[in-house]
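Trainee: Below is one structure. I have some questions about it.
The values are calculated or read from the model by the stated rules, or taken from the named source; none is laboratory data. Since the structure is predicted, the reported quantities are computational estimates derived from the model, not experimental observations. In this analysis, Cβ positions are derived from the backbone assuming ideal geometry, glycine residues included, and neighbour counts consider all displayed protein chains. To get the accessible areas, we keep the full protein, side chains included, count just its heavy atoms, and leave off ligands, DNA and RNA. Shrake-Rupley method; radii C 1.70, N 1.55, O 1.52, S 1.80 Å.
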Amino acid sequence: MAQARDDRTESRAAAAGDRLRALQVLSEATSSLPGDAGVEAWLGRFLATMVRLAGAAAGAVRVVTGDGQHLKLVASVGLPPEAAAREKLMPVDCGACGIAVREAQVRQAPAGAACAGVTSVAWFGGFPSMVVVPLVHQGRVLGAYNLFLRDERALPEDIALLYRSIGEHLGMALENARLARENLRMTVMNERQMMAAEIHDSLAQTLAYMKMRTALLLDALRSPDGERALKYAGDLQGALGEAYADLRELLAQFRSRMDPLGLVHALRGIAAGFEDRTGVALAFENRLADLNLSVDEEANVFHILQEALANIGRHSGATHSRLVLEERGGEYVFTVEDDGVGFFTMGGDQAGLRHHLGVNIMRERAQRLAGRIEISNLPRRGARVRLTLPAEPAARSPAP
């Protein structure tokens, strides 16, 4: 009887130890979720902790491949090289792992014979039990941890629940990494589209004009009309100078990415060299006591204002301009003004302006901030571009 009491006490102590270790794993998982796309390497670093705190002899972590048909091994602890090589890519429905993935549930199952039979690696026969912890996000399995145990003790229900919670947190990390990769792809695509629009609005149009003038120049050279040939040669020289100036401006823009010190610092840097690049004096007025924007929001505002300033340098014919940052009525207001020929004179009527690629890009960026772009001519002379967006972060959800 005394021996039975000792066995029960030992069993309860072991269960308490398992719970404590599982809680430690959960604590580490919730306190160190990665914020970037390096989540697979992070899962690998976390595997050693998972194996140690679970009391396992070996372990592996796998993620579901893009086709949804396989589990890819991203890290292992304690697996010999031949086992890791055979386990590199396994069918998603293989054995106990497949059942756990299909049911999205923590599962304990015999490991040795089944895994040894599938992989033809005898090493697996030394483990009578395996725990599979699926990495789940909103009911969808994104990966799994395999923990190979040298004993056959049953997994208590409360421990299984803790492992499930761990799997949900790690699944959330995998999903965040996927979203980060998608956002990065979208950012790259948007930047490429912006570059294409910039080149179309400047270099492409100038080069098309030069091509037409070259044909006229060739015709004039074949005729005795030297006066006409000189005119077309002068036109080409002027267009070439304009193309060169546009190219320098584009290069300056593409180099002017967001400053790590933030939006205000980046805009101040643009203002400092604006007159040297464009010949237009730029007054920068920051009337904001505080600017509460996320990094992505700052980047969108920066590109909108950069485009507005580039239009001044390229098209306005202005001598003076100003950039004003302020807060009015619960909104951030960013205003770019110049004393040039006016926007509609530059771009045609209002309908034509709506189809201007640079303006469309500005408006698309503003919509991401639940903001709006207003473009107008000033009463006497010049143009104004104004970006307005909510100062309250909760109100800056993307416009539907």
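Trainee: Across region 285-326, what is the number of residues that are of a type in the set (D, E, K, R) and either open to solvent by less than 10 Å² (accessible area, probe 1.4 Å) or out of contact with any strand residue (DSSP E or B) (no Cβ under 7 Å at 6 or more places or on another chain) (or both)? Full working, then the answer.
Mentor: The initial filter retains those residues of region 285-326 that are of a type in the set (D, E, K, R), namely 285, 287, 290, 296-298, 307, 314, 322, 326.
Applying the additional criterion that residues be either open to solvent by less than 10 Å² (accessible area, probe 1.4 Å) or out of contact with any strand residue (DSSP E or B) (no Cβ under 7 Å at 6 or more places or on another chain) (or both) yields 290, 296-298, 307, 314.
Residues flagged as of a type in the set (D, E, K, R) and either open to solvent by less than 10 Å² (accessible area, probe 1.4 Å) or out of contact with any strand residue (DSSP E or B) (no Cβ under 7 Å at 6 or more places or on another chain) (or both) within region 285-326 amount to 6.
Trainee: Which pairs have Cβ atoms under 7 Å, sit 6 or more apart or on different chains, and link a residue in region 147-168 that is over 13 Å from Pro110 (Cβ atoms) and modelled with pLDDT under 75 to one that is assigned to a helix (DSSP H, G or I) and not small (Gly, Ala, Ser)?
Mentor: Qualifying pairs under 7 Å: Pro156/Asp18; Asp158/Arg19; Ile159/Asp18; Ile159/Arg19.
Trainee: Something else about it: Find the residue count for region 121-170, including only residues that are open to solvent by 30 Å² or more (accessible area, probe 1.4 Å) and within 13 Å of Ala56 (Cα to Cα).
Mentor: The total comes to 7.
Trainee: Another question, then. Kindly indicate whether Ala173 is surrounded by 20 or more Cβ atoms within 10 Å (Cβ to Cβ) and over 20 Å from Gly98 (Cβ atoms).
Mentor: Values: surrounded by 20 or more Cβ atoms within 10 Å (Cβ to Cβ): yes; over 20 Å from Gly98 (Cβ atoms): yes.
The answer is yes for Ala173.
Trainee: For Ala58, are the conditions met, namely being modelled with pLDDT under 85 and either surrounded by 17 or more Cβ atoms within 10 Å (Cβ to Cβ) or aliphatic (A, V, I, L, M) (or both)?
Mentor: Working: modelled with pLDDT under 85: no; either surrounded by 17 or more Cβ atoms within 10 Å (Cβ to Cβ) or aliphatic (A, V, I, L, M) (or both): yes.
So Ala58 fails the test.
Trainee: Now, a different point. Could you check region 274-284 and list, in sequence order, the residues that are out of contact with any strand residue (DSSP E or B) (no Cβ under 7 Å at 6 or more places or on another chain) and either closer than 21 Å to Arg396 by Cα or assigned to a helix (DSSP H, G or I) (or both)?
Mentor: Matches in region 274-284: Asp276, Arg277, Thr278.
Trainee: Ala113 passes all but one of (1) of a type in the set (A, V, I, L, M); (2) at pLDDT 80 or above; (3) exposed (fewer than 15 other Cβ atoms within 10 Å of the Cβ); which number fails?
Mentor: (2)
Trainee: Also: Residues of region 111-135 being more than 19 Å from Leu71 (Cβ to Cβ) and in contact with a strand residue (DSSP E or B) (Cβ under 8 Å, 6 or more places away or on another chain), which ones?
Mentor: Pro128, Ser129
Trainee: Is one or more of the residues making up region 345-355 open to solvent by 20 Å² or more (accessible area, probe 1.4 Å), more than 30 Å from Met186 (Cα to Cα), modelled with pLDDT of 90 or more and outside any helix (DSSP H, G or I)?
Mentor: No, region 345-355 has no match at all.
Trainee: Against the conditions (1) among the hydrophobic types (A, V, I, L, M, F, W, C); (2) within 39 Å of the chain's Cα centre (by Cα); (3) over 13 Å from Gly143 (Cα atoms), where does Phe124 fall short? Just the number, please.
Mentor: Of (1) among the hydrophobic types (A, V, I, L, M, F, W, C); (2) within 39 Å of the chain's Cα centre (by Cα); (3) over 13 Å from Gly143 (Cα atoms), only one is false for Phe124: (2).
Trainee: Also, I was wondering about something else. Would you be able to tell me the number of residues in region 36-79 that are part of a loop (DSSP other than H, G, I, E, B) and of a type in the set (A, V, I, L, M)? Talk me through it step by step, then tell me what you get.
Mentor: Step one: list which residues in region 36-79 are part of a loop (DSSP other than H, G, I, E, B), which gives 36-38, 55-57, 65-69, 78-79.
When the remaining residues are screened for being of a type in the set (A, V, I, L, M), the result is 37, 56-57, 79.
Residues in region 36-79 being part of a loop (DSSP other than H, G, I, E, B) and of a type in the set (A, V, I, L, M): 4 in total.
Trainee: Here is a follow-up. Note down all Cβ pairs under 6 Å where the first residue falls in region 288-306 and is in contact (Cβ under 8 Å) with a residue 60 or more places away in the chain, the second is surrounded by 21 or more Cβ atoms within 10 Å (Cβ to Cβ) and part of a loop (DSSP other than H, G, I, E, B), and they're at least six residues apart or on different chains.
Mentor: Correct list of pairs: Glu297/Leu369; Asn300/Leu369.
Trainee: Now for a separate question. Can you tell me which residue is modelled with the lowest pLDDT among those in region 202-222 that are more than 10 Å from Ala243 (Cα to Cα) and touching a helix residue (DSSP H, G or I) at 6+ places or on another chain (Cβ under 8 Å)? It would help to see each step written out before you state the result.
Mentor: Looking only at region 202-222, we keep the residues that are more than 10 Å from Ala243 (Cα to Cα), and these are 208-209, 211-222.
Within this subset, residues satisfying the condition of being touching a helix residue (DSSP H, G or I) at 6+ places or on another chain (Cβ under 8 Å) are 209, 213-214, 216-217, 220-221.
Values: Tyr209: 74, Arg213: 78, Thr214: 82, Leu216: 80, Leu217: 79, Ala220: 78, Leu221: 82.
Only one residue fits best here, namely Tyr209.
Trainee: With the checklist (1) at pLDDT below 80; (2) open to solvent by 40 Å² or more (accessible area, probe 1.4 Å) in hand, flag the one item His70 doesn't pass.
Mentor: For His70, the failing item is (1).
Trainee: Scan region 97-108 and report the pairs whose first residue is touching a residue at least 24 places away in the same chain (Cβ under 8 Å) and open to solvent by 60 Å² or more (accessible area, probe 1.4 Å) and whose second residue is part of a helix (DSSP H, G or I) and not β-branched (Val, Ile, Thr), with Cβ atoms within less than 7 Å and a gap of 6+ or a chain change.
Mentor: Partner pairs satisfying both residue conditions: Arg107/Ala96; Arg107/Ala100.
Trainee: Related question: Output the residue which, of all residues in region 369-399 that are among the polar types (S, T, N, Q) and open to solvent by 50 Å² or more (accessible area, probe 1.4 Å), is modelled with the lowest pLDDT.
Mentor: Taking region 369-399 as the starting set, the residues that turn out to be among the polar types (S, T, N, Q) are 376-377, 388, 397.
Those left that are additionally open to solvent by 50 Å² or more (accessible area, probe 1.4 Å): 377, 397.
Values: Asn377: 89, Ser397: 66.
Looking at the filtered set, the residue picked out is Ser397.
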